[in-house]
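Beneath this line is the structure, given in structure tokens, with notes to follow.
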Amino acid sequence: MSPHLSKPASAPAPDLAPVFFALGDRTRLRLIAALCAGGAFSISQLTANTQITRQAVTKHLQVLAGAGLVKDVKVGRERLWQFEPAQLEEARRTLDVIGRQWDQALARLKAAVEG
């Protein structure tokens, strides 16, 4: 592994590729935003006033669930979907580390150019 691709020594990086993949779709981002704003929703509620089909929302929710971003709970005969923040928080922490590393690399470059 080349030095610029090595993992930080502080902690092993979790596999966040599924999270970033799941968030890379506009429809899934809208679903996450809806779930973050209001709690648990059924697929019928999530598709109300939209052009997206229930089947499409179901597939998107399955991708989000596979990434650990949502979970479903059965309430009576209905299945409700809710946001699970842990994976998104982990992704944010990882991006913060990458941002700090980038800032340090730019500072070293600036010092080398100016020095």
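Details
- The stretch 42-68, residues that are under 22 Å from the mean Cα position of the chain (by Cα), over 13 Å from R30 (Cα atoms) and not in a helix (DSSP H, G or I): S42, A67, G68
- First in the stretch 9-25 and over 16 Å from Q62 (Cα atoms), second anywhere and of a type outside the set (D, E) and at pLDDT below 90, Cβ under 6 Å, 6 or more apart: A13/K7
- Among residues of the stretch 92-106 that are under 18 Å from D15 (Cβ atoms), those with a beta-carbon under 9 Å from a residue that is open to solvent by 90 Å² or more (accessible area, probe 1.4 Å) at least six positions away or on a different chain give the pairs V97/S10.
- Options Q82, Q101, Q87: the member that is out of contact with any His (no Cβ under 6 Å at 6 or more places or on another chain), surrounded by 11 or more Cβ atoms within 10 Å (Cβ to Cβ) and in a strand (DSSP E or B): Q82
- Residues within the stretch 46-79 that are over 26 Å from P14 (Cβ atoms), of a type outside the set (S, T, Y) and surrounded by 15 or more Cβ atoms within 10 Å (Cβ to Cβ), tallied: 2
The values are calculated or read from the model by the stated rules, or taken from the named source; none is laboratory data. Remember, it's a predicted structure, so these values are computed and weren't measured experimentally. Glycine gets a Cβ as well: all are built from the backbone with ideal geometry, and neighbour counts include every protein chain shown. Note: accessible area is taken over every heavy atom of the protein model, side chains too, but ligands, DNA and RNA are not part of it. Shrake-Rupley method; radii C 1.70, N 1.55, O 1.52, S 1.80 Å.
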